[in-house]
Amino acid sequence: MKRMIKKGLVLMICLLFLSGCWDQKNIQDIHYVTTFGVDYKDGKYIVYVQLIDFAGVAKQEVKPTTPSRSYIGHNSGKTITEAINNLYKTAQQRLFLGHVHTFILTENALKQDINDIIDAAFRNNFIRYSSNFFVTKKPLDELLKITGFFNLSPMYSELHFPDEVYRNRSFIRPITIQEFIAEYREAAVTAIVPSITWNAKDWKDNKQKLKTFVIDGAYTLFYNKSKPWYSEEELAGVRWMTKATTRTPVDIQTKDGFSYFSMAHPKTKIKPIIEGNQAKFIIDCSVSGRILGLTSHKSIKALEQSLKASIAQDIRKTFEAGLRNNADPLNLGGTLYRKELRFWQAHHFNEPNDYLHRDALQAIHIDVKLTNTGILKAQPFKDKEILGK
């Protein structure tokens with residue numbers, strides 16, 4: 001009997017140390033922030049948060065018949081932390097910031113010290129390193145109102161899954177917070193942050209035109225010394241310097257007609273050459289692709305030559321655009337720093353215009369291989385050939 005009592009006491013004592021569910025929270029009792037934006041106006045930071053109903057994100061057998069709802073909150077403060085705390089006052093339930101999937105800065109916020117903004121974000125533990133990073137010229141409250149197709153949640157859009165769109169058309173590569181910090185804090189490296197806006201011309205439902213997200217350009221950041229914006233056209237050369245390019249279009253117009261190509265997986269090497277007190281660069285790029293459309297009567301060799309000239313022109317145009325704005329979108333400085341460290345340190349380079357000059361791009365060598373000509377076989381059908389069959 002005593003032994004049974006002892007066992008019972010030991011069991012009761014052990015139960016005291018077991019964890020329970022007394023502090024559990026149901027998922028519907030918490031508001032999850034999926035998008036976090038920062039603006040700056042009149043000496044104050046303005047934070048924007050977007051709440052999404054996760055019922056519209058969960059997998060469903062049938063498409064929703066009513067638009068997925070999202071809520072947008074904002075408040076201001078002298079610091080980002082103060083603005084967040086001010087926003088907590090009017091939140092109807094606990095705001096959970098651990099699910100932030102996309103981080104957006106306005107152009108005005110970008111002009112401030114971005115180190116302070118990133119530091120405040122991580123001190124509040126609301127940004128994950130895997131979060132998407134964008135800059136926008138548009139008002140954040142209008143940008144965050146855009147929803148997905150088929151009444152789906154805004155989560156199903158380029159704002160949250162830009163990689164899916166990039167695989168279809170590779171121009172400006174999406175970037176995460178982790179990638180940005182790694183590049184921005186690296187000496188001599190230029191970070192390229194996509195700028196996001198909306199388009200209200202291309203899509204519409206049965207009743208009205210729809211706003212859809214679109215990446216229209218990018219900002220190049222070299223510490224706090226250079227933050228210019230470039231259009232997609234001006235940054236056309238960057239896609240040939242990026243390994244992640246999986247499918248990028250090239251349209252060549254000539255007197256003979258047009259040629260339309262899809263190119264992928266460029267392999268590019270940058271070779272710095274030191275001549276006196278100046279650095280020059282040679283770019284070698286190898287890329288393959290296929291013909292998508294053709295109305296000209298050119299041979300494969302002639303088409304490849306046209307492609308070489310077009311790609312070289314893209315790279316040179318991007319280089320010259322950067323030179324005009326004290327920027328280095330081709331990231332030539334990063335290679336110079338790694339391969340010619342003594343030269344870099346001896347000249348104390350602090351910004352792109354310190355090591356870039358009009359003749360810095362000495363040569364561009366392009367190697368193109370068309371691996372698939374499709375059914376055209378490099379010769380378009382002629383009307384008389386079709387009519388004669």
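The numbers here are math on the coordinates, done by the rules we state, and not lab data. Quick caveat: nothing in here was measured; it's all calculated off a predicted structure. Cβ: placed from backbone, ideal geometry, glycine included. Neighbour counts: every protein chain shown.
Annotations
- Centre separation in Å (Cα based) which lies between the stretch 301-326 and the stretch 254-278: 6
- Remark: spin-label model distance R185-F161 equals 3.1 nm, labels positioned 7 Å along the Cα→Cβ axis.
- The modelled label-to-label distance for the pair N206/N115, using points 7 Å beyond Cα in the direction of Cβ, is 5.7 nm.
- Listed residue pairs exceeding 23 Å between alpha carbons, taken from K41/K201; K145/K225; K225/K267; K111/K317; K227/K317; K41/K209: K41/K201; K145/K225; K225/K267; K111/K317; K41/K209
- Rounded to the nearest 5, the antiparallel percentage of DSSP beta bridges internal to the stretch 242-385 is 70%.
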